[in-house]
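Reviewing the structure listed below.
The values are calculated or read from the model by the stated rules, or taken from the named source; none is laboratory data. Remember, predicted model here, so these are calculated numbers, not experimental data. Note: ideal-geometry Cβ built from the backbone for every residue, glycine included; neighbour counts use all protein chains shown.
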Amino acid sequence: MRWSKTLIPTMREVPSDAEIPSHQLMLRAGLVRQLMAGAYTYLPLGWKSIRKVEAIVREEMNRAGAVELFMPALHPIDLYERTGRKAAFGNVLINFQVQRGDRKVHLALGPTHEEVITDLIARHLNSWRQLPLCLYQIQTKFRNEERPRFGVLRTSEFIMKDAYSFSASLEQLDAVYQQMYHAYCRIFSRCGLNYLAVEAESGPIGGDASHEFMVPANNGEDSVVRSTGGAYAANLERAETGRQPPPIQTSPHATALQQVATPNATSIEQVSRLLKCSPSQMLKTLIYLADSKPVAVLLRGDHVANEAKIRRALGAGTVELADEKTIRAVTGAPTGFAGPVGIQCPIIADHDVPAVVNAVTGANAADMHLTGVNVGRDYALATTSDLRMAVAGDPSPRGDGTLEVVHGIEVGHVFKLGTKYSVALNAEFLDEKEQRHPMIMGCYGIGVNRIVASLAETSFDENGLIWPLSIAPYEVVVIPLNVADPQVMSLAERFYAELQQAGVDVLLDDRDARPGFKFKDSDLIGFPLRLVIGGKGLQEGLAEVKWRTASEPEKVPIDAAVAAVLDRLTARRAEEARRVPE
RNA sequence: CGGGGUGUGGCUCAGCUUGGCUAGAGCGCUUGGUUCGGGACCAAGAGGUCGCAGGUUCAAAUCCUGUCACCCCGACCA
């Protein structure tokens, strides 16, 4: 492509609407333009990158045995009513009615395609002999984001690769899941992303049933923990801590139990300020309803409850914070003054609770707290559990060092769905014994444009973007320093043609602009390799080859220039390929 | 949906508090010339109903009311 024949609107100044690096750089480099909040146009350069990512995704999905198809973005609303997801999605589901003759048709723009594909499979597949099957598509999804943000990272319309597997057994599901997991690792590696596969909430099937692929980035919306040894990574909701149950015994330093007045001080923060103690010296007492029965959950004052852990520890189906009435019934006080001493319901406690000596807690009386509260003497615990969100510094559950918390951008998610949709939409098969079963499903998503955005978010320097060869908008830019010089230009044209013939994705900067201007643009966009022709070099019979990240160009003889470029590309491609797991 | 902020040529912004004359600057764009290895210089130009609507006033970018859009923080995110 010739620069003069395409559209690459670069900007020197930073648009005032863009705050995070990927947004600023993608705008400045001419990759995207905003149409409205949450909807972006991919300009020719941005689209080229997207297409390259798509090609990698297709190769790897096909390699893993998935088959591509293409489903509509327009869905009939009743599919979502049948699975209960019209209500579950709520406002996120973009839906509307259109007039067709004398009737109205209620449609939705697909936020994902579980319903559509399950309905399809329900109609066309019914024998165990046809399973397992894994289908995928690359398609635009629509979700009405309450608050679109972070440029192209969180939009109401986005490109997603979504795959769905249908299996006759859990073993079959496990096998497909592993194949997809592995394909994802290859995809993200090939795209040059630094990523983390983290354990995520497992949902209906339980166990090791869900992983998110996260790109660590300061502006990532999700928090994930990872162990310093690298053996453990999980999202924050899921993350276990490697803490051991402490001994439960009254400290020899226990002081007298005292009741103190704390009028209107109901929060940890208010009480700690009033009594001049740190939150970690306090015990937080949360009253939950576990399957409708009240339970007091004790945490150290500075910790945050993890409801999934609480639910699991109690073996409960549902867990929710109790209402005011329940709280009065078990504590005898309004919300904000609950404590373990004398409370009228069962108590469970986090591992860190017994270690708080002379704790400050609610007194189970209005406007009153207790100080000098100690386990064993003032309240009893049989055991402790892991009930809170992990924090930095917790021991790794794998025993390899401690946990750290990092932000991440979710670029992929693999998930064992189970039979939720196959049951709701009658996707059943007949086994060898003529028994009818719902198919066991898995779903596997990749945010295609998030791959490009997270690369931009994490790979740049003060001059602009830095791409891997694999998904750079162009691999090579050829820059003639002076387009008015026939000798320079004819050489540039020759290189351009020869590189194209060699299969290189090359852009010829044929603009009549000053060299510095072209160099700045080239660095901003971040073409991996630059070939410069003209000036003093040309008089000496030399051209210049420079990697985007190199500080100085290499001079090569004119006649060897194309070969030099090809050699470097070959070497770099091999280097990138080496980072991809087999 | 709660809180905060911003809307002035394509981009970045000044002007608004304290109403007043023809609405400015830099960058970009057009034309001509000089230049030509890291976002050149000179000259001449084009381009703005100051987000929109209403109101106050002799007079509104500026004050008031409403409205729309965008950005940020939070809530939400199969």
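Observations on the structure shown:
- Pick from the range A:299-358, criterion in a loop (DSSP other than H, G, I, E, B) and charged (D, E, K, R), ranking: farthest from residue A:374 (Cα to Cα): A:323
- The condition (being free of Cβ contacts under 8 Å to residues at least 24 places away in the same chain and either more than 22 Å from the chain's Cα centre (by Cα) or part of a loop (DSSP other than H, G, I, E, B) (or both)) is satisfied by just one residue among A:252, A:294, A:263, A:246: A:252.
- Residue check: residue A:80 meets all listed conditions (1) hydroxyl-bearing (Ser, Thr, Tyr); (2) within 14 Å of RNA strand B (Cβ to nearest atom); (3) more than 28 Å from residue A:105 (Cα to Cα); (4) touching a residue at least 24 places away in the same chain (Cβ under 8 Å) but one, namely (3).
- Here the condition is being within 13 Å of RNA strand B (Cβ to nearest atom), free of Cβ contacts under 8 Å to residues at least 12 places away in the same chain, over 22 Å from residue A:582 (Cα atoms) and of a type outside the set (Asp, Glu); of A:147, A:154, it holds for A:147 alone.
- Scope the range A:137-189; condition touching a Lys or Arg at 6+ places or on another chain (Cβ under 9 Å), of a type in the set (A, V, I, L, M) and part of a strand (DSSP E or B); matching residues: A:138, A:159, A:160
- Selection within the range A:160-178 - away from RNA strand B (no atom under 16 Å from the Cβ) and within 15 Å of residue A:445 (Cβ to Cβ): A:176
- Checked against (1) within 12 Å of RNA strand B (Cβ to nearest atom); (2) buried (at least 21 other Cβ atoms within 10 Å of the Cβ); (3) over 13 Å from the mean Cα position of the chain (by Cα), residue A:210 meets all criteria but (3).
- Just one residue in the set A:526, A:503 is crowded, with 21+ Cβ neighbours inside 10 Å and either within 27 Å of the chain's Cα centre (by Cα) or not assigned by TED's automatic domain parsing to the domain that holds residue A:158 (or both); that residue is A:526.
- Looking only at the range A:1-30, and only at residues there that are of a type in the set (Val, Ile, Thr) and under 17 Å from residue A:521 (Cα atoms), the one that is farthest from RNA strand B (Cβ to nearest atom): A:6
- Scan of the range A:118-146 for residues that are under 16 Å from residue A:70 (Cα atoms) and of a type in the set (Phe, Trp, Tyr), ordered by number: A:136, A:142
- Complete set of residues in the range A:43-68 that are basic (Lys, Arg) and within 23 Å of residue A:131 (Cα to Cα): A:58, A:63
- Filter result for residue A:53 (touching a strand residue (DSSP E or B) at 6+ places or on another chain (Cβ under 6 Å), farther than 23 Å from residue A:463 by Cα, in contact (Cβ under 8 Å) with a residue 40 or more places away in the chain and more than 16 Å from RNA strand B (Cβ to nearest atom)): no
- Unique match (being out of contact with any strand residue (DSSP E or B) (no Cβ under 8 Å at 6 or more places or on another chain), at pLDDT below 95 and under 30 Å from residue A:169 (Cα atoms)) among A:424, A:366: A:424
- Considered as a group, the residues in the range A:519-535 that are near RNA strand B (Cβ under 8 Å from one of its atoms) and in contact with a Phe, Trp or Tyr (Cβ under 9 Å, 6 or more places away or on another chain) include one that is nearest to residue A:475 (Cα to Cα), and that residue is A:530.
- Any hit, the range A:463-482, residues being more than 16 Å from RNA strand B (Cβ to nearest atom) and among the aromatic types (Phe, Trp, Tyr): yes
- Residue count, the range A:536-563 (criterion: near RNA strand B (Cβ under 7 Å from one of its atoms) and without any contact (Cβ under 8 Å) to a residue 40 or more places away in the chain): 5
- Neighbours by Cβ (under 9 Å, 6+ apart or cross-chain): first from the range A:10-22, of a type outside the set (Ser, Thr, Tyr); second part of a loop (DSSP other than H, G, I, E, B) and within 6 Å of RNA strand B (Cβ to nearest atom): A:19/A:150; A:20/A:150
- Test result for residue A:104, free of Cβ contacts under 8 Å to residues at least 24 places away in the same chain, more than 11 Å from RNA strand B (Cβ to nearest atom) and assigned to a helix (DSSP H, G or I): no
- Matching residues in the range A:240-257 - criterion: being loosely packed, with under 12 Cβ neighbours inside 10 Å and among the polar types (S, T, N, Q): A:244, A:249
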